[in-house]
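Please treat every number below as a calculation from the coordinates, not as lab data. Keep in mind that this is a model prediction, so the values were computed, not measured. Here the Cβ is made from the backbone with ideal geometry for all residues, glycine too, and neighbour counts use every protein chain on show.
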Amino acid sequence: MSSLMQKTIQELAPLLQSKAISPVELVRECLERIEKTEPILNAYISVLDKSAMETAVQAEHEIMQGRYRGPLHGIPYSAKDLYMTRGVRTTAGSAILADNVPEVNAAVIDRMEEAGAILVGKNNLHEFAYGTTSENDHFGPCHNPWDSRMITGGSSGGSAASVAAGSSAFSLGTDTGGSIRIPASFCGVVGIKPTYGRVSKRGVIPLSWSMDHTGPIAKSVWDAAATLSAMAGYDAGDVGSTDVATENYTAGLVDKNAVSVKGLTVGICPRYYAGLLQPVVEKAFLQVIQWFETNGAVVKELSHPTREAFSVGSVLTMAEAYAYHEQNLEACGEKYGPSIRYRLEKGQYIPASAYVNAQRLRQKDRQIWAAIYQEIDVFLSPTVIMPAFPIGEKTVMFGDEAVDPRVNAVLMYLTSLGDFNGHPVMSLPCGFTEGELPIGFQIQGKPFAETKVFQVAYAYELAHPEISKRKCGLWK
Amino acid sequence: MEIGTLRSMTTELCSRTVNSAIEAHLPQYAVEVADVLAAVRAAALTFPADLAPASVFSLKSEPSNK
């Protein structure tokens with residue numbers, strides 16, 4: 001079956017610019033795709049069919065008049081239902097905000113409007129983004145497009161599912177412990193958590209102010225680069241925003257010499273996940289390392305990170321999330337899903353000294369990484385220690401220990417390090433299980449070196465079309 | 001960690017009510033919080049005195065390799 005929604009932004013943008021296709025035609029196909037896949041995926045909380053079609057008509061008019069804005073003009077996209085949208089319900093996946101209709105847009109939603117992208121809906125997620133399975137107690141679980149019995153990962157589960165299924169061309173996610181990269185990995189798409197401060201968080205409902213990041217989930221590396229280019233930029237209204245010049249990341253993907261791993265030094269740290277990876281993930285990641293070596297990269301084994309950062313980093317999220325939710329926990333705690341409530345309430349027992357020392361450890365960790373990056377160009381790891389598992393699974397194995405994935409941070413063991421140190425990290429597909437479930441790996445770069453991350457990822461993606469071009473079963 | 005300590009923290013330090021949801025989980029919280037606080041204390045033993053918390057939170061001064 002051929003559909004415009006199977007195409008990447010890189011393929012669609014020239015068709016829109018040359019008027020070979022119309023935004024109206026594209027948005028209509030997207031809405032039809034949503035209608036077809038939603039009974040299976042439950043990837044959306046709200047679908048904005050009327051406003052999306054109205055915006056598509058405007059975009060068509062602009063393009064016909066020769067006022068083409070760029071690669072996102074006329075492209076249908078979705079946003080995790082954590083991004084405030086003016087006049088459109090924004091629930092955070094919670095009963096507490098079931099009737100919340102903001103009066104303003106999140107800064108990034110405004111940026112998408114300026115770029116001409118068309119919002120088609122708000123994606124389902126793990127409640128308040130505090131979880132990694134996207135089994136939502138209020139709106140139902142998100143289902144994985146590769147096998148609807150499986151979780152999508154989370155918390156941006158609906159975002160990744162919709163991109164993989166073609167019910168949006170790209171989606172806006174958030175990442176506090178891995179919430180962009182985990183579902184990107186489980187759903188076989190690309191997700192990047194940019195450097196802390198690179199993209200505004202203004203108007204995005206917080207989970208943990210010093211750990212939260214916003215970023216895109218897309219079908220391909222080029223698409224993620226185009227989307228991040230439109231998202232990024234300083235925002236005086238976001239206390240965490242950093243005034244560093246932004247780039248057109250797709251421009252960095254044109255030069256074939258730059259899109260290469262030859263001569264790079266690549267860090268890995270197998271001791272960090274020794275004994276924890278499921279064999280199928282370990283095998284896929286070993287093949288990634290072999291590919292880098294075969295193509296001229298030098299692989300350097302590191303002794304950092306350590307498990308210390310993983311344990312201590314959770315203190316920051318526990319304390320900050322509790323501070324944000326404290327009043328609602330007291331006033332209407334019963335409205336939270338049970339596993340979220342359990343995790344949030346724990347934050348009240350973190351003493352101030354522990355919080356401050358966790359932030360001090362973060363500074364130490366950043367200093368260590370800065371020294372490491374004097375000797376490496378990028379750092380690689382698997383994205384998650386296992387592939388997706390069935391919705392409702394009571395326990396999964398974390399080494400020799402059986403743990404509940406809803407209250408244990410097992411799925412973010414490899415991703416939360418990037419939120420702790422604030423570096424840019426991308427997840428992209430690197431293989432599949434025998435049961436056709438995607439596996440991902442991560443590329444981490446220096447702060448504000450997103451271009452390097454994109455170049456390395458693009459080199460890998462171009463060399464592996466058998467992985468990057470594979471479509472999920474919903475297209476059959 | 002004593003469960004009674006957590007109960008007092010809820011009521012006296014946080015001005016909260018020990019509702020049934022909290023009460024049911026106090027034994028688990030006592031174990032999990034003790035573990036994570038021990039991890040923080042162990043990490044803090046390695047800190048030099050002049051180690052300040054990360055600024056909230058700029059990486060601007062650090063070099064990039066674009």
Determine the gain in length on full extension of the stretch A:ARG271-A:GLN6; use 0.36 nm per residue of separation and subtract their C-alpha separation, reporting nm with one decimal.
-> 91.5 nm
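Checking a compactness column here: for region A:61-148, what do you get for Rg(Cα) / (2.2 N^0.38 Å), N being the number of residues?
On the way: Rg = 15.4 Å, N = 88, 2.2 N^0.38 = 12.1 Å.
The reported ratio for this selection is 1.28.
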Under 5 Å, built H, 5+ apart or other chain: amide partners of A:TYR77 | A:ILE118, A:LEU119, A:VAL120, A:ALA169
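Translational diffusion coefficient of region A:1-133 at 37 °C, 0.692 mPa s, Stokes-Einstein with Kirkwood Rh over Cα pairs, in µm²/s as a whole number.
Working: Rh = 15.4 Å.
The diffusion coefficient I find is 213 µm²/s.
With r as the distance between the Cβ atoms of A:ALA331 and A:MET53 and R0 = 45 Å, compute the FRET efficiency 1/(1 + (r/R0)^6) and round to 0.05. Could you put the intermediate results ahead of the total?
Numbers: r = 39 Å, r/R0 = 0.88.
Efficiency, from the Cβ-Cβ distance: 0.70.
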Full-extension gain in nm, A:VAL254 to A:GLU301, via 0.36 nm per residue minus C-alpha separation = 13.9 nm
Within region A:20-113, which trypsin sites (Lys or Arg not before Pro) sit in a loop by DSSP and count at most 16 neighbouring Cβ atoms inside 10 Å?
-> A:ARG67, A:ARG69, A:ARG86, A:ARG89
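Given R₀ = 35 Å, what would the calculated FRET efficiency be for B:THR46 paired with A:LYS469, taking r from the Cβ atoms and rounding to 0.05? Don't jump to the answer; show the numbers that get you there.
On the way: r = 47 Å, r/R0 = 1.35.
With a Förster radius of 35 Å, E is 0.15.
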Reachable aspartates and glutamates, given that their alpha-carbon falls under 20 Å from the alpha-carbon of A:LYS476 and they are not under 8 places away in the same chain | A:GLU29, A:GLU32, A:GLU35, A:GLU38, A:ASP147, A:GLU434, A:GLU436, A:GLU466
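Over 24 Å between C-alpha atoms is what I'm after, so list which of A:LYS201/A:LYS300; A:LYS219/A:LYS300; A:LYS80/A:LYS219; A:LYS122/A:LYS193 land there. Spell out each step's value before the answer.
Numbers: A:LYS201/A:LYS300 35 Å; A:LYS219/A:LYS300 30 Å; A:LYS80/A:LYS219 16 Å; A:LYS122/A:LYS193 19 Å.
A:LYS201/A:LYS300; A:LYS219/A:LYS300, as the Cα separations exceed 24 Å there.
Normalise the Cα radius of gyration of region A:138-205 by 2.2 N^0.38 Å (N = residues in it) and let me know the number. List each step's numbers first, then the result.
Numbers: Rg = 11.9 Å, N = 68, 2.2 N^0.38 = 10.9 Å.
Region A:138-205 yields a ratio of 1.09.
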Charge sum, other residues only, whose C-beta stays under 11 Å from A:ALA236's C-beta, Lys/Arg counted +1 and Asp/Glu -1 | -2
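Shape verdict for chain A, please, from the Cα gyration tensor: rounded (a/c under 1.5), prolate (a/b greater than b/c) or oblate. All intermediate terms of the calculation are to be shown ahead of the outcome.
On the way: a/c = 1.39, a/b = 1.11, b/c = 1.25.
Rounded shape, in that the Cα axes give a/c under 1.5.
Can you give the Rg to Rh ratio for region A:394-465, taking only C-alpha atoms and Rh from Kirkwood?
Result for region A:394-465 is an Rg/Rh of 1.06.
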Which distance in Å, rounded to a whole number, links the C-alpha centroids of region B:6-38 and region A:283-359?
-> 20 Å
By its C-alpha gyration tensor, with a ≥ b ≥ c as the square roots of the eigenvalues, how is region A:315-454 shaped: rounded for a/c under 1.5, else prolate for a/b larger than b/c, else oblate?
-> oblate
The alpha-carbon center of region A:108-135 and that of region A:409-435 are separated, in whole Å, by 20 Å
Which longest uninterrupted range of chain A lacks any GluC sites (Glu not before Pro) assigned by DSSP to a loop state (not H, G, I, E or B) and surrounded by at most 15 other Cβ atoms within 10 Å?
-> A:104-374
Count the DSSP beta bridges whose two residues both fall in the protein assembly as shown, then state the antiparallel fraction as a percent rounded to the nearest 5.
-> 70 percent
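Mind checking the alpha-carbon convex hull of region A:173-265 and giving the volume per residue in Å³? Intermediate results must be reported in sequence, preceding the final value.
On the way: hull volume 11.5 nm³, N = 93.
For region A:173-265, the hull spanned by Cα atoms encloses 123 Å³ per residue.
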Under a cut-off of 18 Å between alpha-carbon atoms, report the lysines in cross-link reach of A:LYS364, not counting same-chain residues fewer than 8 places apart.
-> A:LYS446, B:LYS60
Centre separation in Å (Cα based) which lies between region A:219-270 and region A:36-80 | 24 Å
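Given Cα pairs under 8 Å that are at least 6 residues apart, what percent is the relative contact order of chain A?
Values: 1084 pairs, mean separation 79.2, N = 476.
Over chain A, the number comes to 17 percent.
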Between the modelled labels at B:ASP35 and A:GLN367 (7 Å from Cα along Cα→Cβ) the distance in nm is 3.0 nm
For A:LEU286 and A:GLU103 in one chain, what is 0.36 nm times their gap in residues minus the Cα-Cα distance, to one decimal in nm?
-> 61.0 nm
